[in-house]
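The block underneath contains the structure these notes are about, expressed in structure tokens.
The values are calculated or read from the model by the stated rules, or taken from the named source; none is laboratory data. In this text, all values refer to a predicted model and were calculated from it rather than measured experimentally. A quick note on method: Cβ atoms are made from the backbone with ideal geometry, for glycine too, and the neighbour counts reach across all protein chains shown. Surface areas here come from the heavy atoms of the whole protein model, side chains and all, with no ligands, DNA or RNA. Shrake-Rupley method; radii C 1.70, N 1.55, O 1.52, S 1.80 Å.
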Amino acid sequence: MVNHQNGACRLVILISGRGSNMQTIVDTIARENLPAQVCAVVSNRADAAGLEWAADRGIETRTVPHRDYASRQDFDAALAAVIDEYQPNYVLLAGFMRVLTPGFVERYEGRLINIHPSLLPSFPGLHTHQQALVDGVQWHGCTIHFVTAKLDHGPIVAQGIVPVLETDDPDALAARLLTVEHRMYAQVVRWLAEGRVSLDDDQRVRVAGVATRAFLPDGALLGQHSKEQA
Ligand code: GAR
């Protein structure tokens, strides 16, 4: 468990594009006055739309263009140097589309969290909605997990599901899932802000006072009514 009792839970959010998950996190913290602070939004792409959105709200934004670096190690070292300026309790990946080196992952062990648009361990990597349609699964989903050196793998914090419809194409399926992603990431940030999330030695996640971290197609946490959440 990360101790941030001396103040708000410090977050750095990494994005590569639109940043809708990041926006939900920022809005949730502000609306609910959570004991958390987004110290910076960092992108590997200067044209990431989410950077402008964050800057408009007075959040510090930084760009570390991956193309400026000769190797993944060099890029990750530069990225880490920027992140460390903000001394975050957690680094949240929210649509950050770069594979991170084992050294980077190790540096933030237990503090690096990702959202992936599939029910891991199914469909790691890219084009997850297409993969789900090709395989004919009837439930698709999203996973928030601690990041480990193995791509799209690691202790699971929460998972959410949506049905796959006969008429779906990848975009329709992605859009249905995105609403669950937002609700789920907002809830995980509440738990992080409240200092309730722990990663035990057995590599299992526990959230104090929470019996299930399964999110339903309307974004509600299993066992809770929708209106109890944002
Ligand atoms: C989200 O669907 C997220 O799960 C996915 O990218 C999208 C970003 O949307 N992440 C990955 O695919 C990571 N491998 P957003 O920028 O609007 O939050």
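Odds and ends about this structure:
- Any hit, segment 117-127, residues being open to solvent by 30 Å² or more (accessible area, probe 1.4 Å), without any contact (Cβ under 8 Å) to a residue 24 or more places away in the chain and more than 16 Å from the ligand (Cβ to nearest atom): no
- Residue ID - nearest to Gly95 (Cα to Cα), chosen from residues in segment 156-195 that are without any contact (Cβ under 8 Å) to a residue 40 or more places away in the chain and away from the ligand (no atom under 16 Å from the Cβ): Trp191
- Residue in segment 75-90 that is touching a Ser or Thr at 6+ places or on another chain (Cβ under 8 Å) and buried (at least 22 other Cβ atoms within 10 Å of the Cβ) present: yes
- Residue count, segment 197-216 (criterion: in contact (Cβ under 8 Å) with a residue 24 or more places away in the chain and not β-branched (Val, Ile, Thr)): 8
- Condition broken by Val137, with the remaining ones in (1) closer than 29 Å to Pro35 by Cα; (2) free of Cβ contacts under 8 Å to residues at least 40 places away in the same chain satisfied: (1)
For (1) open to solvent by 40 Å² or more (accessible area, probe 1.4 Å); (2) touching a Leu at 6+ places or on another chain (Cβ under 9 Å), each residue gets a yes or a no:
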{"position": "Ala175", "(1), (2)": "yes, no"}
{"position": "Val180", "(1), (2)": "no, yes"}
{"position": "Tyr185", "(1), (2)": "no, yes"}
{"position": "Gly195", "(1), (2)": "no, no"}
{"position": "Arg206", "(1), (2)": "yes, yes"}
{"position": "Gly209", "(1), (2)": "yes, no"}
{"position": "Leu216", "(1), (2)": "yes, yes"}
